[in-house]
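Enquirer: First the structure, which I've put down as structure tokens, then a few questions once you've had a look.
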Amino acid sequence: MVDVLKKYIPEQAAAPVFELIKANAVALKIVNERLTRHGDYRRMPNGQHQITVNVSLNKYRFLVTLIHEIAHLVAFEKYGRFIKPHGKEWKITFQHLMIPFIRPEVFPMDLLPYLARHFKNPKASSDTDASLAVALKKYDPPNDKNYIFELPLGTTFRIPNGKIFKKGNKRRKRYECVEIATGKVYIFQPNAEVEQLD
């Protein structure tokens, strides 16, 4: 199992992650990419703990996602099933599980400041921390997508479901964008990846 993990996460993290998987009786499934999530945790009807993680993630995002999901399991086991999924109990657990990995033997030096900042108060998704998401993306294979924050005002773009939008003004951290077909205004994270059309 450690050798399998080395294909998906940094080599130095494989043995300690395997120990977490074993200690928490996790059934880990590596699945095809899902656009709406990087991973998830479920307690199965038979009581087994199942974690799925997208195969398409780079090794650093894969590690953060896997620990995120293990933190759900550990928090539910420790505090009970009625806690908020991304509430304070989960945040404390995620921080506790992740801290041993935030070191230069596991992550590149350029990622460490972003990770340290993120784990002061972890978000429900690493994607909602735009600076961390952009830093992690540098380790993805190249693609033809752009971030919304990179596009000039008024640019039209397509999202994965095929809908087309025009980029509007920035509202504090996010961008108002108008769906061309309906005229409805939607709010986008600055690090949403889209296909530029003009």
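Laboratory data are not the source of any read-out in this text; all were calculated from the coordinates shown. Just so we're clear, the structure is a prediction, and the values are computed from it rather than from any experiment. Cβ sites come from the backbone with ideal geometry, for glycine too, and all protein chains shown count toward neighbours.
Enquirer: Less than 27 Å apart at the alpha-carbon level, and either on another chain or at least 8 residues along: which lysines does that give for Lys78?
Expert: Within the straight-line limit of under 27 Å, Lys78 reaches these lysines: Lys22, Lys29, Lys88, Lys91, Lys120, Lys123.
Enquirer: Give a quick list of chymotrypsin sites (Phe, Trp or Tyr not before Pro) in segment 1-58 that DSSP marks as loop, anything other than H, G, I, E or B, with at most 15 other Cβ atoms within 10 Å.
Expert: Working: sites: Tyr8, Phe18, Tyr41; in loops: Tyr8.
Qualifying residues, ordered by number: none.
Enquirer: Turning to a different aspect of this structure: Taking loop as defined by DSSP and a crowding limit of 16 other beta carbons within 10 Å, which trypsin sites (Lys or Arg not before Pro) in segment 38-94 fit? If you can, show how the numbers build up before the last one.
Expert: On the way: sites: Arg42, Arg43, Lys59, Arg61, Lys78, Arg81, Lys88, Lys91; in loops: Arg81.
Hits after loop and neighbour filter: Arg81.
Enquirer: Roughly what % of DSSP beta bridges within segment 2-137 run antiparallel, to the nearest 5? All intermediate terms of the calculation are to be shown ahead of the outcome.
Expert: Values: 6 of 12 bridges.
The antiparallel proportion sits near 50 percent.
Enquirer: Once whole DSSP H runs in the chain are found, which of them have Cα atoms spread over 20 Å or more along the helix axis and a mean Kyte-Doolittle score of at least -1.0?
Expert: Numbers: long enough: 59-79 (29 Å, 0.43).
For the chain, where a helix must reach 20 Å along its axis and average at least -1.0, the hits are 59-79.
Enquirer: Still on this structure, please answer the following. Determine the dipole magnitude for segment 1-51: charges of +1 sit on the beta-carbon of Lys and Arg, -1 on that of Asp and Glu, nothing else is charged, the reference point is the Cα centre, and the result goes in debye to the nearest 20. Please report the intermediate quantities before stating the final value.
Expert: Details: 8 positive and 5 negative charges, 44 e Å.
It comes to approximately 220 debye.
Enquirer: Moving to a separate point now. I need the GluC sites (Glu not before Pro) found in segment 60-156, filtered to DSSP loop residues with at most 14 other beta carbons within 10 Å of theirs.
Expert: On the way: sites: Glu69, Glu77, Glu89, Glu105, Glu150; in loops: Glu105.
Filter output for segment 60-156: Glu105.
Enquirer: Quick one: net charge of Leu66's neighbours, Cβ under 14 Å, K/R +1, D/E -1?
Expert: Working: positive: Lys6, Lys7, Lys22, Lys29, Arg37, Lys59, Arg61; negative: Glu19, Asp40, Glu69.
So the environment of Leu66 carries a net charge of +4.
Enquirer: Using the Kirkwood formula on the Cα atoms of the chain, what hydrodynamic radius do you get, in angstrom to one decimal?
Expert: Numbers: mean 1/r = 0.0549 Å⁻¹.
Averaging 1/r across every pair of different Cα atoms and inverting gives 18.2 Å.
Enquirer: All other residues with a Cβ under 13 Å from the Cβ of Arg43 taken together, and with Lys, Arg as +1 and Asp, Glu as -1, what is their net charge?
Expert: On the way: positive: Arg42, Arg81; negative: Asp40, Glu69, Glu77.
For residues surrounding Arg43, the net value is -1.
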